[in-house]
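Peer 1: Got a structure for you, written out below as structure tokens; questions coming shortly.
The values are calculated or read from the model by the stated rules, or taken from the named source; none is laboratory data. Keep in mind it's a predicted model, so treat the numbers as computed, not measured. All Cβ positions, glycine included, derive from the backbone under ideal geometry; neighbour counts span all protein chains shown. For accessibility, only protein heavy atoms count, side chains too; no ligands or nucleic acids. Shrake-Rupley method; radii C 1.70, N 1.55, O 1.52, S 1.80 Å.
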Amino acid sequence: MTTTANGPLSGVRVVELAGIGPGPFAAMTLADLGADVVRVDRPGGAGLGIDPAYDLTNRNKRSVLIDLKTGSGAARVLDLAERADVLIEGYRPGVAERLGVGPDECLARNPRLVYGRMTGWGQEGPLADRAGHDIGYIAVTGALSMIGKPDEPPALPANLLGDYAGGALYLVIGVLAALQHARTPDGTGQVVDAAIVDGTAHLTTMIHALMGAGGWQDRRGANLLDGGSPFYGSYETADGEYMAVGPLEQRFYDEFVRLLGIADEIPARKDFARWDELREAVAARFRTKTREEWTAVFEGSDACVAPVLSLREAPVHPHLAARGTFTRHAGLVQPAPAPRFSATPGSVRRAPALPGADTAGIARDWKVPSLGPEPSASVEPSASATADGPSVSADVPLSERQSP
């Protein structure tokens, strides 16, 4: 089989209007898969507050610096959009339009363009114009209510569930589906409205099915997969670390309790009235050995037990190391591109793009002569361009923006 290291999206051109959070992650995913992603950075940066050289969500991209609040800024972005297959933006509804780079303007220049919009609340609805963050989006969808112990506040899954699972990855799905349509003989470009609330709600489909069938209680810590079961959760070890336990099937459970050494001391697993007793027996046993010792006990088994590793520990786990789940590029350890392809594997090809560092190359490769130096006399932004609030730039993305 002939393979190429360029990725399955080699030849696809993407314009990303700079932001932070799910939009850049979606663009990174497309870049990991081989797309030529040009990030349109703005003077002063996107507001993440870290050295751009370490912002891994900008790997495999190139950057051009454009001030959308100058007279020529929108024209330059439209020149890029005319030559692109995809454009991604993460502003509040209406901001891209006020800046002159909304869907109507871009699709007029390029009718087959896929215009991807990444927001928290979506393009319409009572909350569409409100600021927000991951925690609020997953709260109103019901997803947050499922996570944590029943007698404690809901646990926060960082911003993985909303921003990235319910947001960025749904934007990628939508962009790729729309790109497929645009490339059919009669296909056209279109707008992809990727809202974190929509994607996160979609992720709970199976739970809603279980609840409708009577197999899920609408409260956390009371169900098979949310910590209610004594054989699906995490347990502290003698050294203050944790082991993750998940032997749901009977045969795996039998192996689990045998290796744990409590098979003859515990109530039947289907004796729901004694689940607290079973949980305490499992917990007490785990507290007798360290995480490393329990890892050795369960190694090679089908007991569905794994050590809970930290972010720094994960890259050296034997399985992840063997698969190359993490990689090192330009001195930075980072997750490798996923998923994997047999004929067109993705790769980390470039270090995080530095703002404006690739302007000359982009102008040459995309044949956009307007990407030359900005005119010395800039045009003041109009009132409508900053109407989003007195203390917040109009081109700051919704998903990471504070309320004005």
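Peer 1: Calculate I(q)/I(0) for region 104-227 by the Debye formula, one identical point scatterer on each C-alpha and no solvent, and give its log10 at q = 0.10, 0.15, 0.22 Å⁻¹ to two decimals.
Peer 2: Reported log10 I(q)/I(0), two decimals: -0.41, -0.76, -1.19.
Peer 1: Can I ask one more? Based on the mean of other Cβ atoms within 10 Å per residue, sort peptides 327-333, 117-123 so the most packed one is first.
Peer 2: The densest-packed peptide leads the list: 117-123, 327-333.
Peer 1: Also, I was wondering about something else. What is the spin-label model distance, in nm, from residue 367 to residue 188 if the labels are put 7 Å beyond Cα along the C-beta direction?
Peer 2: With each label placed 7 Å out from Cα toward Cβ, I get 2.6 nm.
Peer 1: Pull out the extension gain between residue 209 and residue 180, defined as 0.36 nm times the separation in residues minus the alpha carbon to alpha carbon distance; nm, one decimal.
Peer 2: 7.4 nm
Peer 1: Which listed residue (146, 136, 111) has the Cα farthest towards the positive end of the charge dipole for region 104-154, taking +1 on Lys and Arg C-beta and -1 on Asp and Glu C-beta about the Cα centre?
Peer 2: Ranked along the dipole, the leading option is 111.
Peer 1: Related question: Per residue, how large is the accessible surface of region 1-144? Use a 1.4 angstrom probe and give square angstrom.
Peer 2: Heavy-atom accessible area per residue stands at 34 Å².
Peer 1: Would you mind calculating the relative contact order of the chain from Cα pairs under 8 angstrom and at least 6 residues apart, reporting the percent as a whole number?
Peer 2: 24
Peer 1: Still on this structure: In whole Å, what three semi-axes, largest first, describe the equivalent ellipsoid of region 202-271 built from its Cα gyration tensor (square root of 5 times each eigenvalue)?
Peer 2: 26, 16, 10
Peer 1: To the nearest 10 square angstrom, what accessible area does residue 216 show with a 1.4 Å probe?
Peer 2: Using a 1.4 Å probe on the heavy atoms, I get roughly 30 Å².
Peer 1: When the Cα atoms of region 135-196 are enclosed in a convex hull and the volume is divided per residue, what value in Å³ results?
Peer 2: Each residue corresponds to 72 Å³ of Cα convex hull volume.
Peer 1: Determine the per residue accessible area of region 201-323 with all protein chains present and a 1.4 angstrom probe, expressed in square angstrom.
Peer 2: Averaged over the residues of region 201-323, the accessible area is 61 Å².
Peer 1: Just subtract the alpha-carbon distance of residue 128 and residue 271 from 0.36 nm times their residue separation and send over the number in nm, one decimal.
Peer 2: So the chain would gain 46.7 nm between residue 128 and residue 271.
Peer 1: Please report, in cubic angstrom per residue, the volume enclosed by the convex hull of the alpha-carbon atoms of region 1-122.
Peer 2: Convex hull of Cα atoms, per residue: 113 Å³.
Peer 1: Quick check: pseudo-label points 7 Å beyond the Cα along Cα→Cβ at residue 75 and residue 155, how many nm apart are they?
Peer 2: Reported label-point gap for residue 75 and residue 155 is 5.6 nm.
Peer 1: Okay, next question. Which of the listed residues, 261, 222, 171, is farthest toward the dipole's positive end in the chain, when Lys, Arg count +1 and Asp, Glu count -1 at the beta-carbon?
Peer 2: 171
Peer 1: With labels modelled as points extended 7 Å from the Cα through the Cβ direction, what inter-label distance (nm, one decimal) is found for residue 360 paired with residue 51?
Peer 2: Label at residue 360, label at residue 51, 2.5 nm between them.
Peer 1: A follow-up question, please. So if I place +1 on the C-beta of Lys and Arg and -1 on the C-beta of Asp and Glu, and nothing else carries charge, what would the dipole magnitude of region 250-384 be about its Cα centre? I want it in debye, nearest 20.
Peer 2: Its charge dipole is roughly 400 debye.
Peer 1: With charges set only on the Cβ (+1 for Lys and Arg, -1 for Asp and Glu), what does the dipole of region 1-110 come to about its Cα centre, in debye to the nearest 20?
Peer 2: Dipole size: approximately 100 debye.
Peer 1: Could you grab the Rg to Rh ratio for the chain? Cα atoms only, Kirkwood for Rh.
Peer 2: On the Cα set of the chain, Rg over Rh gives 1.04.
Peer 1: Please give the charge dipole size of the chain, origin at the Cα centre, charges +1 on K and R Cβ atoms and -1 on D and E Cβ atoms. Round to the nearest 20 debye.
Peer 2: 900
Peer 1: Ignoring any ligand, DNA or RNA, what whole percent of the accessible area of region 233-368 comes from carbon and sulfur when the probe is 1.4 angstrom?
Peer 2: Looking at region 233-368 in its full context, I get 53 percent from C and S.
Peer 1: Out of residues 5 or more away from residue 192 or on other chains, whose amide H comes under 5 Å of its own, with H placed 1.01 Å from N in the peptide plane?
Peer 2: Sorted by chain and number, the residues that satisfy this are 115, 116, 117.
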